[in-house]
Amino acid sequence: EAGSAPAPDDGSVGGDSVDASERSGSAGDPDNVATIPERFHGEWNGDLAACGTGSSETRLRIGADEIRFYESVGVVRNVEVESDPVVVVDAEYTGEGETWSDRRRLMLAGDGESLTVGGTDLVRHRCP
């Protein structure tokens with residue numbers, strides 16, 4: 001479709017924009033925070049051998065206020081903590097000359113060493 005945003009890298013929860021007033025949690029709401037919890041931070045990759053190379057299309061870097069995929073970067077606008085190992089991140093993405101809003105569910109495995117994004121089968125491993 002002409003003029004539409006590029007397809008998300010993976011794990012999109014939904015492509016609909018959410019009004020900022022609907023996204024921002026109140027200061028007293030423990031389920032909504034402004035940043036991604038530290039347990040999710042770091043470099044993640046589908047292939048541990050590719051860690052640190054920047055050459056893998058499965059590379060994902062997560063910081064407190066940014067999600068960086070291979071060809072797109074998302075600036076975090078809101079984080080909903082569903083449970084200790086699961087958060088839903090609202091972000092404004094840019095990549096390949098386009099900008100779009102998206103929600104992505106990040107799910108840590110029990111040991112915290114692997115991560116899936118959305119409903120994808122791709123498992124990314126925490127890089128050393």
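The values are calculated or read from the model by the stated rules, or taken from the named source; none is laboratory data. Quick caveat: nothing in here was measured; it's all calculated off a predicted structure. Cβ sites come from the backbone with ideal geometry, for glycine too, and all protein chains shown count toward neighbours. Only protein heavy atoms, including side chains, enter the accessible area calculation; ligands, DNA and RNA are left aside. Shrake-Rupley method; radii C 1.70, N 1.55, O 1.52, S 1.80 Å.
If the condition is being modelled with pLDDT of 95 or more, over 19 Å from Ala109 (Cα atoms) and surrounded by fewer than 15 Cβ atoms within 10 Å (Cβ to Cβ), then the range 40-56 contributes only Ala49.
Residues that are at pLDDT 95 or above, under 12 Å from the mean Cα position of the chain (by Cα) and open to solvent by 40 Å² or more (accessible area, probe 1.4 Å) occur at least once in the range 69-79.
Of the residues making up the range 93-106, those that are open to solvent by 10 Å² or more (accessible area, probe 1.4 Å) and either within 10 Å of the chain's Cα centre (by Cα) or of a type in the set (Lys, Arg) (or both) number 2.
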